[in-house]
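The values are calculated or read from the model by the stated rules, or taken from the named source; none is laboratory data. Only a predicted model underlies this, so the values are computations on that prediction, with no experimental measurement involved. Note that we place each Cβ from the backbone using ideal geometry, even for glycine, and neighbour counts take in every protein chain shown.
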Amino acid sequence: MTLERAALQSRLHTAVVALSAWLFVTSPWVSMLRRIPAGAGWLDWTHVALGFAGLLVALLYVRACTRGGGWRSYFPWLAGDARAALRDVGGLFRGRLPSAEPGGLYAVVEGLLLLALLVVAMTGAAWFVLQGSDAAVAFRGVHVVAARVLLGLIAAHVLAVASHLLELA
């Protein structure tokens, strides 16, 4: 990976973290179901605006992570190779931490995180486009579930990074 590509991924990762953190922290105060309510507050409008910004950043970040064959690292099963991830899972059962190698368990968690990020962003955008319809309510439901899955994967990612740092220490 070139220094330029690594710097771009780092900046996009920072943007994803900042946007996601704001959207998660403020989401309990967002009050939208079928449409943006007539008396929507600044948190509602900020959620929509930053959600669209998040969609753009998510698309750019996924592209930056997966271009040039990088997708094989995050989605090894799509290339027909899940050996490293399965070896890491087996190692967990023997009390060994997974290694941080492309195609390994940590990379697979990152790939699932990328997918969940896209699903959250796209279902939020679909809700906005379809607001006022029954489909908007359905997309909102998927959006909420996907956001919870994303939050769980973020927790797994943080644990993976922490365990990797412990391994290096």
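Screening residue 85 on (1) touching a helix residue (DSSP H, G or I) at 6+ places or on another chain (Cβ under 9 Å); (2) not in a helix (DSSP H, G or I) shows it passes everything except condition (2). The condition of being within 20 Å of the chain's Cα centre (by Cα) and in contact (Cβ under 8 Å) with a residue 24 or more places away in the chain holds for only one of 115, 151, that being 151. Among the residues of the range 33-48, not a single one is among the charged types (D, E, K, R), surrounded by fewer than 17 Cβ atoms within 10 Å (Cβ to Cβ) and free of Cβ contacts under 8 Å to residues at least 12 places away in the same chain. For the range 86-109, taking the residues that are at pLDDT 90 or above and under 29 Å from residue 15 (Cα atoms), the one that is farthest from the chain's Cα centre (by Cα) is identified as 105. Scanning the range 46-70 for residues that are small (Gly, Ala, Ser) and either part of a helix (DSSP H, G or I) or farther than 16 Å from residue 108 by Cα (or both) yields 49, 51, 53, 54, 58, 64, 68, 69. Across the range 80-119, which residue is nearest to residue 155 (Cα to Cα) among those that are among the acidic types (Asp, Glu) and surrounded by 15 or more Cβ atoms within 10 Å (Cβ to Cβ)? Per the criteria, the residue is 110.
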